[in-house]
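J.: Before I ask anything, here is the structure I am working with.
The values are calculated or read from the model by the stated rules, or taken from the named source; none is laboratory data. In this text, all values refer to a predicted model and were calculated from it rather than measured experimentally. We place every Cβ from the backbone using ideal geometry, glycine too, and count neighbours over all the protein chains shown. Ligands, DNA and RNA are excluded from the accessible area calculation, which covers all protein heavy atoms including side chains. Shrake-Rupley method; radii C 1.70, N 1.55, O 1.52, S 1.80 Å.
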Amino acid sequence: MKKVCVITGGSSGIGLSMVKLFVDNDYRVFNLDLSPSAHGDFRQCDVSNLAQVTAIINDIAEKNTINVLISNAGIHFSANIENTSEADLDKVFSINVKGAYAAIKAVLPSMKANKNGAIILMASDQALIAKHNSFAYNLTKSALASIAKTTALDYAAFNIRANAVCPGTIETPLYHQAIDNYCQKSGADKAAVHRAEEQLQPLQRLGQPEEVAELVLFLASDKAKFITGSLQVIDGGYTAQ
Ligand code: NAD
């Protein structure tokens, strides 16, 4: 029987690469995203809507044992604390943190009943270091690291593992949108900003979504059965500097 993986935000970027890799590795993948996708088993869902996430995951769990949850949906927001309104903060928090909270809560009954489960949270290198003008994003990614550790401790007795993945700068639509916004505000040249971004990395390039997907596939597998409560950095050496 195929293993079952539920992923949020699987229609673009890192999430799409994970959906494709898990499908290629014989998982049945349910993709909960706002935007439709031809890959995996798509369920339209806004992860900031707790009732919707719960209803969709309960429906999946009625007919399947959920082996893996990848909480990946997230948005970026560039601003310092003064330029982050309460509404901005609520929005980023609702998607990046409450979305993960909702998905984890909903998969736990299935994983507990099966005494097996792997939960992977897509955090960021910004869970470990702060970046300028990223007040809400830094905060939410640090929260995800905490959720991974707490979940690992609270559910180890059920053989449920939880880990956070901390990618550095990965070339996805979210990355391009972030530098487009920056260039629009500052008038900077996009090609020059992109080159500068590459040069900031010890490996002198950005990461690719497929590289993050390979790490997550490993964490989800039995090969990683002694890894829980960890933060897995995949950043081309950026945070080692
Ligand atoms: P992306 O924008 O390419 O993809 C994000 C996906 O999440 C999209 O399919 C989008 O529709 C979905 N999504 C957004 N809001 C949603 C909501 N409310 N409900 C359901 N789905 C929603 O982004 P990406 O770069 O692939 O990022 C994926 C994750 O990786 C995010 O959590 C991001 O913070 C994290 N991350 C990205 C980078 C990077 O450099 N790209 C680095 C570190 C961490």
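J.: Of the residues Pro173, Pro167, which single one is open to solvent by 20 Å² or more (accessible area, probe 1.4 Å), under 17 Å from Gly15 (Cβ atoms) and within 13 Å of the ligand (Cβ to nearest atom)?
T.: Only one candidate passes the filter, namely Pro173.
J.: Residue under question is Ala79, and the condition is that it be open to solvent by less than 30 Å² (accessible area, probe 1.4 Å) and either modelled with pLDDT under 95 or under 19 Å from Ile120 (Cα atoms) (or both); does it hold?
T.: Against the criterion (open to solvent by less than 30 Å² (accessible area, probe 1.4 Å) and either modelled with pLDDT under 95 or under 19 Å from Ile120 (Cα atoms) (or both)), Ala79 qualifies.
J.: Related question: When both residues are 6+ apart or on different chains and their Cβ atoms are under 7 Å apart, which pairs have a first residue that lies in segment 38-51 and is closer than 16 Å to Lys91 by Cα, and a second that is open to solvent by 70 Å² or more (accessible area, probe 1.4 Å)?
T.: Asp46/Leu34; Ser48/Lys98; Leu50/Lys98
J.: Checking the conditions here, which among Leu89, Leu69 is more than 13 Å from the ligand (Cβ to nearest atom) and over 30 Å from Lys2 (Cβ atoms)?
T.: Leu89
A quick yes/no check of all residues on (1) hydroxyl-bearing (Ser, Thr, Tyr); (2) outside any strand (DSSP E or B); (3) touching a Cys at 6+ places or on another chain (Cβ under 7 Å); (4) open to solvent by 40 Å² or more (accessible area, probe 1.4 Å):
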site: Ser146; (1), (2), (3), (4): yes, yes, no, yes
site: Cys183; (1), (2), (3), (4): no, yes, no, no
site: Pro202; (1), (2), (3), (4): no, yes, no, yes
site: Glu214; (1), (2), (3), (4): no, yes, no, yes
site: Lys223; (1), (2), (3), (4): no, yes, no, yes
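J.: Only one of Ala113, Ala118 is over 22 Å from Leu206 (Cα atoms) and open to solvent by less than 20 Å² (accessible area, probe 1.4 Å); which? Can you show your working first?
T.: Details: Ala113 fails: open to solvent by less than 20 Å² (accessible area, probe 1.4 Å).
Selected residue: Ala118, the only one of Ala113, Ala118 that is over 22 Å from Leu206 (Cα atoms) and open to solvent by less than 20 Å² (accessible area, probe 1.4 Å).
J.: Mind listing just one residue for me: the one in segment 117-141 that is within 14 Å of the ligand (Cβ to nearest atom) and in a loop (DSSP other than H, G, I, E, B) and, of those, nearest to Ile70 (Cα to Cα)?
T.: Ala123
J.: Return the only residue of Asn31, Asn49, Asn72, Asn67 being in contact with an Asp or Glu (Cβ under 8 Å, 6 or more places away or on another chain), under 22 Å from Ile147 (Cβ atoms) and open to solvent by less than 70 Å² (accessible area, probe 1.4 Å).
T.: After ruling out the rest, the residue left standing is Asn31.
J.: Ala152: open to solvent by less than 20 Å² (accessible area, probe 1.4 Å) and more than 12 Å from the ligand (Cβ to nearest atom), yes or no?
T.: The answer is yes for Ala152.
J.: Could I ask something else about it? Here are Val233, Val193: which of them is within 12 Å of the ligand (Cβ to nearest atom), surrounded by 13 or more Cβ atoms within 10 Å (Cβ to Cβ) and modelled with pLDDT of 95 or more?
T.: Values: Val193 fails: within 12 Å of the ligand (Cβ to nearest atom).
Being within 12 Å of the ligand (Cβ to nearest atom), surrounded by 13 or more Cβ atoms within 10 Å (Cβ to Cβ) and modelled with pLDDT of 95 or more holds for just one of Val233, Val193, which is Val233.
J.: Sticking with this one: Name every residue in segment 1-36 that is over 17 Å from the mean Cα position of the chain (by Cα) and within 15 Å of the ligand (Cβ to nearest atom), in order of residue number.
T.: If we filter segment 1-36 for residues that are over 17 Å from the mean Cα position of the chain (by Cα), which is where we start, we get 1-4, 23-28, 36.
If the condition is that a residue be over 17 Å from the mean Cα position of the chain (by Cα) and within 15 Å of the ligand (Cβ to nearest atom), then Pro36 is the only one that fits.
J.: Being within 24 Å of Ser134 (Cβ to Cβ), within 12 Å of the ligand (Cβ to nearest atom), open to solvent by less than 20 Å² (accessible area, probe 1.4 Å) and touching a residue at least 60 places away in the same chain (Cβ under 8 Å): is that true of Gly99 here?
T.: yes
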